[in-house]
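Chemist: First the structure, which I've put down as structure tokens, then a few questions once you've had a look.
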Amino acid sequence: MSLFRLTKASETEPLIRGDGLYLRPAVAGDFPAWAQLRAESRAFLTPWEPTWPEDDLTRAAFRRRLRRQVEDMTRDESFALLIFDAGADALIGGLTIGGIRRGVAQAATLGYWMGERYAGRGRMTRAVAAAVRYGFSTLRLHRIEAACLPENVASMSLLERNGFRREGLARAYLRIDGGWRDHVLYALLENEAPRAF
């Protein structure tokens, strides 16, 4: 596990294994592959994401991401993970279990992105399944929420394949691609998770 340490030698960060893939926190050496995949997928991702900062794909911005990642994990607030194809050991996307609320809620929000050349092959469905399993077992969450744009049929199908239920529509919910956009809200409770989990 020392390969996946981010800062302190005593820290052990999560490593999630799924069907043909694995998820782990980013490390400094991931920058070239991450920047290349994000850059080549920019037009594919832009309609679904917040506006990218001008310096988003720089090494300095990536270092800031790593620092924030360590802080968020240490505080048990968010777990930002990269997704890798296990066979090719290649970066294919990213996933975050974030906005963790403890106490009476025991809930979190799921977000994800896939590089364009890897999309449409079921990999994100499998990554979400692995992340949900981790969220309910290791993080001891009761509820995992997700939101997507109403026109993002692929994302809605992915969530539904993983057992998420549609709960409603949130008006002007998130600022995506420069504008406040409505989102379809989904959630999965630990007792509703598919038995394969």
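The values are calculated or read from the model by the stated rules, or taken from the named source; none is laboratory data. Keep in mind that this is a model prediction, so the values were computed, not measured. In this analysis, Cβ positions are derived from the backbone assuming ideal geometry, glycine residues included, and neighbour counts consider all displayed protein chains.
Chemist: Does GLU167 qualify as being touching a Ser or Thr at 6+ places or on another chain (Cβ under 8 Å), part of a strand (DSSP E or B) and farther than 24 Å from PRO53 by Cα? Give the derivation first.
Modeler: Numbers: touching a Ser or Thr at 6+ places or on another chain (Cβ under 8 Å): no; part of a strand (DSSP E or B): yes; farther than 24 Å from PRO53 by Cα: yes.
Spelling it out, it is not the case that GLU167 is touching a Ser or Thr at 6+ places or on another chain (Cβ under 8 Å), part of a strand (DSSP E or B) and farther than 24 Å from PRO53 by Cα.
Chemist: ASP89 - would you say it is over 15 Å from the mean Cα position of the chain (by Cα) and more than 24 Å from TRP180 (Cβ to Cβ)?
Modeler: It is true that ASP89 is over 15 Å from the mean Cα position of the chain (by Cα) and more than 24 Å from TRP180 (Cβ to Cβ).
Yes or no, residue by residue, for (1) within 22 Å of VAL184 (Cβ to Cβ); (2) of a type in the set (Ser, Thr, Tyr); (3) surrounded by 17 or more Cβ atoms within 10 Å (Cβ to Cβ):
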{"residue": "THR58", "(1), (2), (3)": "no, yes, no"}
{"residue": "ARG63", "(1), (2), (3)": "no, no, no"}
{"residue": "THR74", "(1), (2), (3)": "no, yes, no"}
{"residue": "THR96", "(1), (2), (3)": "yes, yes, yes"}
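Chemist: Right, next: Being touching a strand residue (DSSP E or B) at 6+ places or on another chain (Cβ under 9 Å) and among the β-branched types (Val, Ile, Thr) is the filter; apply it to the range 106-141 and report the residue that is farthest from TYR186 (Cα to Cα).
Modeler: THR138
Chemist: Within the range 1-40, take every residue that is at pLDDT 90 or above, in contact with a strand residue (DSSP E or B) (Cβ under 8 Å, 6 or more places away or on another chain) and in a loop (DSSP other than H, G, I, E, B) and give me the one that is nearest to ALA80 (Cα to Cα).
Modeler: By that ranking, first place goes to PRO25.
Chemist: Do we have any residue at all in the range 57-71 that's aromatic (Phe, Trp, Tyr), in a helix (DSSP H, G or I) and modelled with pLDDT of 95 or more?
Modeler: yes
Chemist: Any idea which of (1) part of a helix (DSSP H, G or I); (2) within 14 Å of GLU192 (Cβ to Cβ) is the one ARG126 doesn't satisfy?
Modeler: (2)
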